[in-house]
Amino acid sequence: MADKRGDSGSDSDSIDEPVVGNVNKFAVVPPGFTGKPKKGHLIFDACFESGNLGRVDYITEFEYDLFIRPDTCNPRFRVWFNFTVENVKSEQRVIFNIVNFSKTKSLYRDGMSPLVKSTSRPRWVRIPAKYVYYYRCPDHRKNYVMSFAFNFDREDDVYQFGYCFPYSYTRLQNYLDNLERRNMDFFNRELLCLTVQQRRLDLLTITHPDNLENESDEKQKLVFITARVHPGETPSSFVCQGIIDFLISNHPIAKILRDYIIFKIVPMLNPDGVFLGNYRCSLMGFDLNRHWLEPSPWAHPTLYATKNLLMELDRNEKYDVDFYIDLHAHSTLMNGFMYGNTYEDMERYERQSVFPKLLCANAEDFSLSNTNFNKDAVKAGTGRRTLGGCMDEKVHCYTLEVSFFSYQTTTTGQSVAYTEEAYMKLGRNVVRTFLDYYKLVGGISAKPSSSIVPKPGFFRQRDRQNNERAMSESAVRQFDNYSGQRFLDRNQARSMEYSINSSNAFSEAPTSIRLQLKERKF
């Protein structure tokens, strides 16, 4: 059932031996050892939600080869890893070699490093780049290997290592459950369909309730956003949560947008793949983002339901679908950026260049130079390409990408590693950009005095009595600056917390380990 189409997500199909299933409390002991594992005999585990580690080989007491489990029903994709290590000794120093990546191009070349946390330090941090090496290894048919040295400093801790910040299906469900319990009249959650393994495909609608009851001849403007069609691209979920959090907040921009725009969001298009710990594929081995043209109700039920809804909204005379944005993460490029479509109609082509330019003005991590408009054959079947061809020509269809690793600021040019909060901030900036766009095109009315006002006669009497919806543009900007400073202060406070990156957790690798690294020809 594996998808056989060509794809840039996999550069290598070779693997020494089949790796099937995750390790389950697997104790790695020296050859010939019998009996119960001793302290320092590492126990690896990936049998948990979104976990991935298929095999561990003992090389020496200091070194272990680790094999990523391929996506279910598709051995071509081996990138995502997420596993725990326990039964360590204090100050035990090791080298882990991840030996079977399916992609040769990687941000590890540019300083990316794995993430780690432990039971006593639950916040994810990056292993310092000086302990990470990415190289062609003669021991593994000159395939690319990522090796990192690590010092286990607390023997009672369980350590967890990951390719990127995990964002599981259960985390999403808990988040949405909490939002539902708040009983916000402008937020609605519904079940769009069930997956092959009977997990929820959630559809969120965020707008002022009057927009859904509007019986006037004026069409309602609608924005449709999806995320996590590729399960290993976890940054897209943080961006999506940033969008949702901002839209449901009391921020003046959020209130104005809810008054004028209907937002529909599918926050996780591939729940089965996310749960299983796949990088790119669904349970049945399909890269869903190559099957938008003719999704199958039994093989691709989430795509089938989502596309049907989009086409129904596009045909409905009550709505103007203005945007379709699909959120992704990128494994070889820095910053946030967008992909768009090319059209023979020059006016349409120029119209779709407006939103990325506005987003670049709002987000210091967004790159216009990486933004690209294309119709490459390899991208056929993607959401952006398919919907851009079959929906109304007024619909702007984009893929929003964000780096797995870092961004270079537009002001200083310095490279800054992304955090969960930084991904969410990009989501908030996407929402701010919607306001700028709709003001520019006249979708949100503004008086010559720059005051943003509600549409005449639009609100119920109780809303006019209870809410002052008209506010000056300068007030919006002041509130925005205050909000941004709060997030900055919070990040500064977090950076002062003790973490695994502290000096006593990482020290110089012992001479024997340094020699082993040198011998393996990094």
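FYI, it's all coordinate maths here, none of it is from the lab. For clarity, every value in this text was computed on a predicted model and none was experimentally measured. Glycine also receives a Cβ, built like all others from the backbone with ideal geometry; neighbour counts cover every protein chain displayed.
Put +1 on the Cβ of each Lys and Arg and -1 on the Cβ of each Asp and Glu in the range 27-167; which of Pro30, Ser118, Met146 then has its Cα farthest toward the positive end of the dipole? Of the options given, the answer is Met146. Where the alpha-carbon atoms of the range 373-428 are placed on the principal axes, they occupy 40, 24, 21 Å, in descending order. By the Kirkwood approach, averaging reciprocal distances over each pair of separate Cα atoms, the range 111-156 gets a hydrodynamic radius of 12.3 Å.
Among Lys105/Lys130; Lys357/Lys379; Lys105/Lys425; Lys105/Lys375; Lys379/Lys439; Lys38/Lys117, which pairs are too far apart, with a Cα-Cα distance over 30 Å?
Working: Lys105/Lys130 19 Å; Lys357/Lys379 23 Å; Lys105/Lys425 27 Å; Lys105/Lys375 22 Å; Lys379/Lys439 32 Å; Lys38/Lys117 23 Å.
Check vs 30 Å cut-off fails for Lys379/Lys439.
Peptides 236-247, 44-55, 129-140 ordered by packing proxy, namely the average of other Cβ atoms within 10 Å per residue, highest first: 236-247, 44-55, 129-140.
Roughly how big is the range 333-392's charge dipole about its Cα centre, with Cβ charges of +1 (Lys, Arg) and -1 (Asp, Glu), in debye to the nearest 20?
Values: 7 positive and 8 negative charges, 36 e Å.
About 180 debye.
For the range 69-111, the Cα gyration tensor yields ellipsoid semi-axes of 26, 16, 8 Å (square root of five times each eigenvalue, largest first, whole Å). Sequentially through the range 430-444, phi angles give Karplus couplings (6.51, -1.76, 1.60; θ = phi - 60°) of 4, 5, 4, 5, 4, 4, 4, 5, 5, 5, 5, 8, x, x, 10 Hz, Gly and Pro residues having no value and appearing as x.
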